[in-house]
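The values are calculated or read from the model by the stated rules, or taken from the named source; none is laboratory data. A quick note: this is a predicted structure, and the numbers were derived from the prediction, not measured. Note that we place each Cβ from the backbone using ideal geometry, even for glycine, and neighbour counts take in every protein chain shown. Only protein heavy atoms, including side chains, enter the accessible area calculation; ligands, DNA and RNA are left aside. Shrake-Rupley method; radii C 1.70, N 1.55, O 1.52, S 1.80 Å.
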Amino acid sequence: MMDIVASAPGKQVLLGDYAVLEGAPALVLAVNRRAQARITSREDGACTVSAPDLDIRDAAWTIDRNGALAWQCDAAIAAKLSLVEHVWSGLLQQGLAPRAGQGLDIQLDTSGFFHGEGAARVKLGLGSSAALTVALASALATCAGHADAWADRAQWVCRLFDMHGGWQGGRGSGVDVAAGVAGGLISYQLQGQARTPHFAHEAWPVQGVHCLFVWSGQSVSTAHSLKHLAQWRSTHGADYASHMARLGAISAAAVRALRERQTQSFIGLTKDYAAALKGFGEACGLEIYSAAQKRLAEMAAQAGVSYKPCGAGGDFGVVFAEDSERLATFEGAIVRADMHVIPLPLDSQGVSCHMRQVAGSPLKGL
């Protein structure tokens, strides 16, 4: 029997939020909250998917004569597992999907992307669907005998960009997919008219730049934000272009400053980006700054540190400071204000996938 375990980290967007959609460079940090996909072969030929975080266990499926995944379970359950079907379809088109004739158990785990317990358990906006896409696609490709597909990480990002983007309705930038594949801190950009995803690893941590992540306590739908933005852009094209140009210019300057170790300039540019992002949100009607985040921004300004929302906004924010003592002082103020500082260590590994042969059922032959 074969047992494959793949996992991939979540992400935080440090700079380039929204502007990355229009070709600007973004800084994206892979964080140590990992999604896992486990595939175990079965001797009885049956195929199931279990996803405890979706309250799904042993959802039945088969591989039809064309190689497509066909659900054999309730339609409502199948709808919850649409990402699984989308990943399978994408791999099938690329010739990387497992073939019919084998039994497979797929187990999906995104528990690392939740905070709290019981009724207080909420999902954190760290790119769980992208991390799961990376992990599941890597495990399935390995199962099909194509482990080399994910070994070329730059090409794997390109393959998965369309796969996950299609599931999102074509609105995503792919920063979360790239972080899940590459790990570490990366600069990420959609290049050329073809919008080809490209990433490069950047040094991190950097002396003179300290950061921590603050959670507002609320969950936010990135898909909803991107849909709203697409609608606003269609009726306010000139305004959209103006805001994107400003955000893009600041982000590009900040990436250069970080590479050149101009730490004071970098932190100053994060403040500029935060102000431009706030203006953009007010113009287009997106709640990039929630009420809690507006309060944090005011506290940060008083403390002499930089604060900006991450990604679509509303849930996480990042605080930058030039020295660790000032950051520690601000962290104390956050805690006293009953806000949530959530440790998100750097994940330098990116996607990982391991296969091993395991003994058959101990009941075999009895």
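Only one entry in S173, S138 is in contact (Cβ under 8 Å) with a residue 40 or more places away in the chain, assigned to a loop (DSSP other than H, G, I, E, B) and open to solvent by less than 30 Å² (accessible area, probe 1.4 Å), namely S173.
Within region 50-65, not a single residue is within 22 Å of R159 (Cβ to Cβ) and open to solvent by less than 20 Å² (accessible area, probe 1.4 Å). Within region 67-94, being surrounded by fewer than 18 Cβ atoms within 10 Å (Cβ to Cβ) and either charged (D, E, K, R) or without any contact (Cβ under 8 Å) to a residue 12 or more places away in the chain (or both) holds for A70, D74, A75, A76, A79, K80, Q93. Does V157 fit the bill of being in a helix (DSSP H, G or I), touching a Pro at 6+ places or on another chain (Cβ under 6 Å) and open to solvent by less than 10 Å² (accessible area, probe 1.4 Å)? Taking the combined requirement at face value, the residue satisfies it. No other residue among Q94, Q102, Q107 is in contact with a helix residue (DSSP H, G or I) (Cβ under 8 Å, 6 or more places away or on another chain) and of a type in the set (S, T, N, Q) apart from Q94. For region 199-218, the count of residues that are assigned to a strand (DSSP E or B), more than 30 Å from D338 (Cα to Cα), open to solvent by less than 50 Å² (accessible area, probe 1.4 Å) and not small (G, A, S) is at least one. Only one entry of G23, G16 meets the criterion of being surrounded by fewer than 21 Cβ atoms within 10 Å (Cβ to Cβ) and within 30 Å of R246 (Cβ to Cβ), and that entry is G23. One residue stands out in region 118-135 among those that are open to solvent by 60 Å² or more (accessible area, probe 1.4 Å) and within 22 Å of K11 (Cα to Cα): the one that is modelled with the highest pLDDT, namely K123.
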